[in-house]
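We did not get these values from a lab; they are worked out from the coordinates using the rules stated. Predicted model, so just to flag it, every value in this text is computed and none were measured. Cβ sites come from the backbone with ideal geometry, for glycine too, and all protein chains shown count toward neighbours.
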Amino acid sequence: MKKRGIGFASVFYGTGYGNGFPDISNAIAELGMDGKITIYVGATEVGQGAKTILSQIAAEVFSMSVEEIIFVCEDTSITPDAGTAAASRQTYNTGNAIKIAAENLREEMIDVAIERLGLNSRVGLAVKNGRIFLKTFPEKGISFEEIALLVGDQHLRRTGSFTAQTTQMDEDTGEGAPYWPYTFSVYGIEVEVDTSIGTIEVIRSVCAQDTGRTINPKLVEGQIDGGFAMGLGYAIYEDLNLQKGKIKHNRFTNYLIPTAEDMPEVEKIFIENPESTGPYGAKGIGEPVTLAVAPAILNAIYDAVGIRIKEIPVTPDKLLIALKEKEMEV
Amino acid sequence: MKLEVVGKSVIRVDGLAKITGKAIYPQDLFMDDMVFGKTLRSKKPHAHVKIDISKAKTIPGVIKILTYKDVPNNHHGVLLKDHEVLCSKKVRAIGDPLAFVIAVTEKIAKRAIEAIEVTYEEIKGVFDPFEAMKEDAPKVHDGSNIIYHYKLRKGDVEAAFEKCHAVVEGEYKTSMVDHAFLQPEAGLAYKDGDSIVVCVATQYPHFDQLEIAEALIMPLEKIKVINTAVGGAFGGREDITMQIHLALAAMLTGKPVKTIYSREESFEAHSKRHPMTMYYKTGANSEGKLMAMKAKIIGDTGAYASWAINVLRKAGVHATGPYEIPNVKIDSYAVYTNNPFAGAMRGFGAAQVPIGHEQQMDMLAEKLAIDPITFRLINCFTVGSKTATGQVLEESIPLQNCIEAVAEAMNFSKKTEGAV
Amino acid sequence: MKVIQLKVNGGVYKVDIEEDMRLLDVLRDKLRLTGTKEGCGEGECGACTVIMDGVSVNACMVMAFQAEGKEIITIEGIQRKDELHPIQRAFLEEGAVQCGFCTPGMILSAKALLDRNPSPSRKEIREGISGNLCRCTGYNQIITSVEKASQYLRREEEEK
């Protein structure tokens, strides 16, 4: 018999290393001779989209397109340490560091522009599309290339550093401010349980994701879908099957992860509520997006068949045994 | 503020290289005169070990076989330096690295691996964290197997439970799982003058650089890490795998050395998500306000600490779920066993606890005859809330909006009438 | 050692092979076409998908000698001169790429699917790429990309 049920789960997730550990990101912004901006930063693109998100933040500072940003993150000898690509911290921490570096560079460029243009003040200046100009008289302006040419070999190059604020918790009570910011995520999931074979299919799913501010909607959607898949695997498939320390499921033939056929469509809702300490209000979402999936599935299974499965993954054999036990109780 | 680039679905800047097959992952690197490395790994979970490489090193084409004797400083690890680069006397988990063969071809390297004679003198292992916590349990390292205990104490839970209208209890278990990123670990290292260059796919190149420099006892600036395209990570590329082996191999042979893990070796080599056992007791008053929560969380970190301390800390802090609860008592423990080591994986301790706290929420809601959405709305964090650690949530706390948005999208009608 | 001849992305190659060599090794190690990836070595993940005589295969499951005389298309061969293939374009536009390791194989599976079924439903796309594992994207943006690519390709057909 096929039975359907709905389940919800909500979570929070504290960004960063936490607990007062110095959580530092460093970045360098440099004006190139071609008027493009190069960002040097030791932040890894693992597939999450760091290069794109962080380039967008730099581009925003200069009101220019992402194509004008050269992003260098691959070589430790020319990039400053930006911490690990983990703890959902790159958008928040390194995003801030890059924003600061880019703003420092922009101010420096404005200084050069003011001198060159013979202006008396910074008031009323705009920076846009590779130019610095007077808003009320745009002809009075200078391009980034010209600025680069003016400073010549000195190269305008500025650093930016951001250190997140957390405190160490009290050892006896756990009191303190261990993480910041917190990101929230809520899932609603409908499942269909086939009680004859113990399988679970996700019929419908909705995610409402707090992003602070969404830097790149498509990338956030991709994180939600990917986070859903990982949560689904965690809930109903994945187990290394350890036996005396030996991983029995050590190949894709027996360690099953979701395929395209296992994945449902996921309806996504972004909840924007800017975080004042985040770059343009943004928070990290890489981990939060996956956390509420498995518990929402478990709650949906209960709603469908009245069984609380307290051990994941909920494999068909486990579910069948539980269904049988319930039948015997009745 | 009007934003021009932020908020736009700008096309991924690394996308073009990836859709054309031009993105370079470490397995895609080739150099002239390149040789191959292969790791010999322990087949036993807990044993004293001796290895004899005399036969293996005479195989034609074998250039060098690295053992612990070749490693200047044989320790590494993200928090505690409890990993050996190559095991010296004892193995603590299946898959622990024992030797690194460098040969002219991968095939010869494999043959040499098989020709290395390993003598295991097995020690009683411990595979269950509860067993490992007992005083007389086999010790995985020197000292207690319990490496961390996080305590959170707020209010008086026992007194609060007495006054609760409804109380639910449960024991929840999560499995040990793998990141299963699609790109198995690979790397290439070479000498550049008196520097060593290591090309790998890592989450944190500057930390790898530091760990390599420390193990080789070389100045930091003489180590360069090139982070290639990374084929997924999810926490599984936080800890060192082959980075130090490759750097050492390049240093001692003077040749570019490449290694690629098979999928099976990848499963053995990198960290896992901590399996946790979580006891929960949660109580609410007749209005549906959460009054007390007690949780005890045991995390199995396997043979090495990796990030266990931070993971179990994060689990402890997040154990309440995003709800205000006036009385909370949480204890979380990280425990060594002879299982594969656990470390960072997407969620980092906050992935496990919702399996407990969210089922507790539904169980309580049912007992109180309140629907799960309303019950969450009654208790969820909002601006001005205090977490169990006493942290004031002063801005950007849109959880209520998230819950309401999901309920609406699911056409969920609140059934509050039954509420007491 | 044995010499085989095969056609890859339109070019004819003679390659020295060892008996235990796979097509994947020929492509990656001999021809240095490293766009074809190895994720599992046993035909489970699809990262090494290429098209052989019009059919998608896992290059790790095809022995090199079995590729003798065959025509192979890899990710390096689907571009049209300087222009992206419509599937590539759609993948880029719709965010189907994250870490990128499954991407080449995924694109070739999508191509094999669209070659035999020019307007697949989302369900048919799911089936069509079910042999290609992706750990990052949760597949949905890939499905959307394949849908979009099918529109691009149909439009091209109409314009002809």
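Details
- Taking 1.306 mPa s as the viscosity and 10 °C as the temperature, the Stokes-Einstein diffusion coefficient of segment C:86-159 based on its alpha-carbon Kirkwood radius rounds to 134 µm²/s.
- Segment A:1-87 pair-distance distribution - Cα-Cα, 5 Å bins, rounded %: 3, 12, 18, 18, 15, 10, 6, 5, 4, 3, 3, 2, 1, 0
- Taken over the alpha carbons of segment B:1-123 as equal point scatterers, the Debye sum produces base-10 log I(q)/I(0) values at 0.15, 0.20 Å⁻¹ of -0.78, -1.10.
- Likely footprinting exposure, A:THR290, B:THR119, C:THR144, fewest C-beta neighbours within 10 Å first: B:THR119, C:THR144, A:THR290
- Here the Gaussian network model covers chain B, with springs between Cα atoms less than 10 Å apart; of B:ILE108, B:ILE403, B:ILE51, B:ILE403 fluctuates the most.
- Angle between chain B longest axis and helix B:308-318 axis [Cα atoms, degrees, rounded to 10]: 20 degrees
- With a 10 Å cut-off around each Cβ of A:305-315, the average count of Cβ atoms from other chains is 3.
- Within segment B:118-146, backbone nitrogen closer than 17 Å to the virtual label 7 Å beyond the Cα of B:LYS50 toward Cβ: B:118-123
- Rough spin-label spacing in nm, given labels placed 7 Å along Cα→Cβ, for B:MET1 and B:THR105: 6.0 nm
- Note on the protein assembly as shown: with charges restricted to the Cβ of Lys and Arg (+1) and Asp and Glu (-1), its dipole about the Cα centre is near 720 debye.
- Volume per residue for segment C:1-83 equals 85 cubic angstrom (convex hull of Cα atoms).
- Sparse-neighbourhood loop sites, chymotrypsin sites (Phe, Trp or Tyr not before Pro) in segment B:1-87 - DSSP loop, at most 16 other Cβ within 10 angstrom: B:PHE30
- From the alpha carbon centroid of segment B:288-339 to that of segment B:14-72 is 37 Å.
- Relative contact order (%) - criterion: Cα under 8 Å, at least six apart; region: segment C:86-159: 49 percent
- From helices alone, chain A scores -9000 deg cm²/dmol at 222 nm; the rule is -39500 (n - 2.57) for each run of n ≥ 4 DSSP H residues, then divide by the residue total.
- Placing a label point 7 Å from the Cα of A:ASN241 along the Cα-to-Cβ direction, the residues of segment A:304-325 whose backbone N falls under 15 Å from that point are A:313-318.
- Nearest-0.05 FRET efficiency for A:GLU261 and B:GLU264, computed from C-beta distance (R0 22 Å): 0.30
- Spin-label model distance (nm) - B:LYS124 vs C:SER119, 7 Å beyond Cα toward Cβ: 7.1 nm
- GNM remark for chain C: springs join alpha carbons under 10 Å apart, and the peak mean-square fluctuation among C:ASP16, C:ASP53, C:ASP82 falls on C:ASP82.
- Magnitude of the charge dipole for segment C:2-77, about its Cα centre and with charges confined to Cβ atoms of Lys, Arg (+1) and Asp, Glu (-1), is about 280 debye.
- Dipole magnitude (debye, nearest 20) for chain B, charges at Cβ of Lys, Arg, Asp, Glu: 540 debye
- Shown here: chain B, whose C-alpha atoms stretch 81, 63, 34 Å along the first, second and third principal axes, sorted largest to smallest.
- Distance between segment A:103-163 and segment B:81-125 - C-alpha centres, whole angstrom: 59 Å
- Ranked by how many other Cβ atoms sit within 10 Å of their own Cβ, fewest first, the residues B:TRP307, A:TRP180 fall in the order A:TRP180, B:TRP307.
- Cut-off 15 Å, label 7 Å out along Cα→Cβ of A:SER143, residues of segment A:30-65 by amide N: A:32-37, A:65
- Bridge type composition, the protein assembly as shown - antiparallel percent by DSSP, nearest 5: 80 percent
- Hydrodynamic radius (Kirkwood) for chain C, which is based on Cα pairs only, to one decimal in Å: 15.9 Å
- From the alpha carbon centroid of segment A:181-253 to that of segment B:370-403 is 23 Å.
- Nitroxide proxy distance, nm - points 7 Å out along Cα→Cβ at A:ILE78 and B:ILE217: 3.3 nm
- Rg and Dmax of chain A, both derived from C-alpha coordinates alone, stand at 25.2, 90 Å.
- GNM on chain A, alpha-carbon springs under 10 angstrom: the most fluctuating residue among A:LYS51, A:LYS246, A:LYS310 is A:LYS246.
- For segment A:24-163: Kirkwood Rh in Å [reciprocal of mean 1/r, alpha carbons]: 15.2 Å
- Non-local Lys pairs in segment A:24-163, i.e. 8 or more apart or on different chains, that have alpha carbons under 20 Å apart: 6
- Take each residue of peptide B:272-278, count the partner chain Cβ atoms within 10 Å of its Cβ, and average: the result is 2.
- Among C:MET21, B:MET293, A:MET263, B:MET31, sorting on how many other beta-carbon atoms sit within 10 Å of each Cβ, with the fewest leading, yields B:MET31, C:MET21, A:MET263, B:MET293.
- Cross-link partners of B:LYS151 among lysines (Cα-Cα below 22 Å; sequence separation of 8 or more within a chain): B:LYS134, B:LYS173, B:LYS281, B:LYS294, B:LYS296, B:LYS314, B:LYS329, B:LYS386
- Loop GluC sites (Glu not before Pro), segment C:68-138 (other Cβ atoms within 10 Å of the site Cβ: 13 or fewer; DSSP): none
- Estimated D of the protein assembly as shown in µm² per second, where Rh is the Kirkwood radius over Cα pairs and Stokes-Einstein applies at 25 °C, 0.890 mPa s: 86 µm²/s
- Over segment B:128-205, the ratio between the Cα radius of gyration and 2.2 N^0.38 Å evaluates to 2.04.
- Sparse-neighbourhood loop sites, GluC sites (Glu not before Pro) in segment B:97-176 - DSSP loop, at most 11 other Cβ within 10 angstrom: B:GLU135
- Formal net charge of residues neighbouring A:THR253 (Cβ-Cβ distance under 9 Å; K, R +1; D, E -1): -1
- Whole-number D in µm²/s for segment A:290-330 (Stokes-Einstein; Kirkwood sum over Cα pairs; 4 °C, 1.567 mPa s): 121 µm²/s
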